[in-house]
Every structure is written in C-alpha cells, then in structure tokens.
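Please read the structure below before turning to the comments.
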Amino acid sequence: MEKLMKHAEYLLGRKTFEIWEGYWPEHEDNWPGINDGTKYVMSKTREKSGWKNTVFLKNLADIKKLKNSEGSDIQVWSSGKFVQLLLKNDLVDELWLIIHPLTLGKGKKLFDDGAIPAAFTLIENTITPSGVFIAYYKRAGKVMTGTAGY
C-alpha cells in the first residue's frame, strides 16, 4: 500500500477529479505530497482549476502522448468508466485493485465489453484487518488461453 501512496502523477476522470479537488487541498496531512503531484484530468467540459499542478486533457491522443513521455509513474484512481476507456485502448501497464467486502446495488463493472485481452501477473497483495483485499498486478505479455492457471 505504501507504493500506492508514494509521490506520483495522477490521471483522473473529471468526476473523480472534482471529488479530489474538493477534499485533498485541505487534507494533505492524510496523504503527504498529494497536492504536489501533477493531476492530469480527462475532461471535455473543464479547462482550469485552482488546485495547483492540474493539467486538463481533451482526448485519447493527449493520454497516449502523456503515456509515452518521460516522467514519474502515472496512477489512475477510481474513475471506473475512465479506466474502461484506458483498458479498451491498451493503455494500462499495472493494476492496483482494492476490493471491499460489501455489495451495493448492481455494482460497477471494471472489465466491461471492449477491454482488449491482456495478461497480468500478481506482484503483491495484502488483506487489511477489515477484509479489504489489495492486489498489485503488472502486465505479463500475451494472454495464454486454454488453461485455468490456478
């Protein structure tokens, strides 16, 4: 979990960004460095923010350019629909899944129709005292079909 909370750059959908923008500027003591990291925000409607180090992106080409640039790790937090867009366009190198032991309505699908086939290897995992499962996966090359791999 420490790796998740380390200084990084963040790629967020607009809705998640607006939640963060309303909270983190005043609560950095809970996540030191969050305000210093660059926040890249995919939005068709927003162009600026008072939260320092915020850059707005308009399209998928902007994200591809960002992914291919030099710099820190880029983390995507929450942003379910946005993650689906990244998965559909082969723009995900790692997955950190945080699974809470609860159900709410129908839930949200992370791997919706259109995600390209991709293999991931479990690198690290932990279970918190409250039962939250945190799993860190890295891309593992091509998908091997025909075996369950348990």
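The values are calculated or read from the model by the stated rules, or taken from the named source; none is laboratory data. Treat the numbers as computed from the prediction; the structure is a model and nothing was measured. When we count neighbours, we look across all protein chains shown, and the Cβ atoms used for this are built from the backbone with ideal geometry, even at glycine. Accessible surface is based on the protein model in full, side chains and every heavy atom, while ligands, DNA and RNA are left aside. Shrake-Rupley method; radii C 1.70, N 1.55, O 1.52, S 1.80 Å.
Can you list the lysines whose alpha carbon sits under 21 Å from that of Lys44, skipping same-chain ones fewer than 8 residues off?
Excluding near neighbours in sequence, the set is Lys15, Lys52, Lys58, Lys64, Lys65, Lys67, Lys81, Lys88.
Report, in cubic angstrom per residue, the convex hull volume of the C-alpha atoms of the stretch 17-103.
134
At most 15 other Cβ atoms within 10 Å and a DSSP loop assignment: could you name the trypsin sites (Lys or Arg not before Pro) in the stretch 53-133 that fit?
Passing sites in the stretch 53-133 are Lys58, Lys106, Lys108, Lys109.
Given +1 on the Cβ of Lys and Arg, -1 on the Cβ of Asp and Glu, and no further charges, what dipole in debye does the chain carry about its Cα centre, rounded to the nearest 20?
Computed charge dipole of the chain: roughly 660 debye.
If you wrap the stretch 21-65's Cα atoms in a convex hull and average its projection over all directions, what's the area in nm²?
3.5
Rounded to the nearest 5, what is the percent of antiparallel bridges among the DSSP beta bridges in the stretch 21-150?
75
When the Kirkwood radius is taken over all Cα pairs of the stretch 75-150, what Stokes-Einstein diffusion coefficient follows at 37 °C and 0.692 mPa s, in µm²/s?
Roughly 235 µm²/s, to the nearest whole number.
Need the full-extension length gain, Asp62 to Leu122, defined as separation in residues times 0.36 nm minus the C-alpha distance. One decimal, nm.
18.7 nm
By the scheme Lys and Arg +1, Asp and Glu -1, what is the net charge of all other residues having a beta-carbon under 13 Å from that of Tyr23?
-4
When the chain is modelled as a GNM with alpha-carbon springs shorter than 10 Å, which of Gly105, Gly71, Gly33 fluctuates the most?
Checking each option, the largest mean-square fluctuation is seen for Gly105.
Of Ser78, Ser130, Ser69, which has the largest mean-square fluctuation in a 10 Å C-alpha GNM of the chain?
Maximum among the listed residues: Ser130.
What number, rounded to the nearest 500 deg cm²/dmol, is the helix-based mean residue ellipticity at 222 nm of the chain, given -39500 (n - 2.57) per DSSP H run of at least four residues and division by all its residues?
Taking each H run of at least 4 residues, the total per residue is -5000 deg cm²/dmol.
I'd like the distance between the alpha-carbon centres of the stretch 61-76 and the stretch 34-57, rounded to an integer number of Å.
Between the Cα centre of the stretch 61-76 and that of the stretch 34-57, the gap is 14 Å.
Given H placed on each backbone N at 1.01 Å, which residues far from Ile123 in sequence or on other chains put an amide H within less than 5 Å of it?
Placed amide hydrogens put Tyr136, Tyr137, Lys138 under 5 Å from Ile123.
Quick check: with the 1.4 Å probe, what order do Ser72, Ser43 take by accessible area, largest first?
Ranked list, largest accessible area first: Ser72, Ser43.
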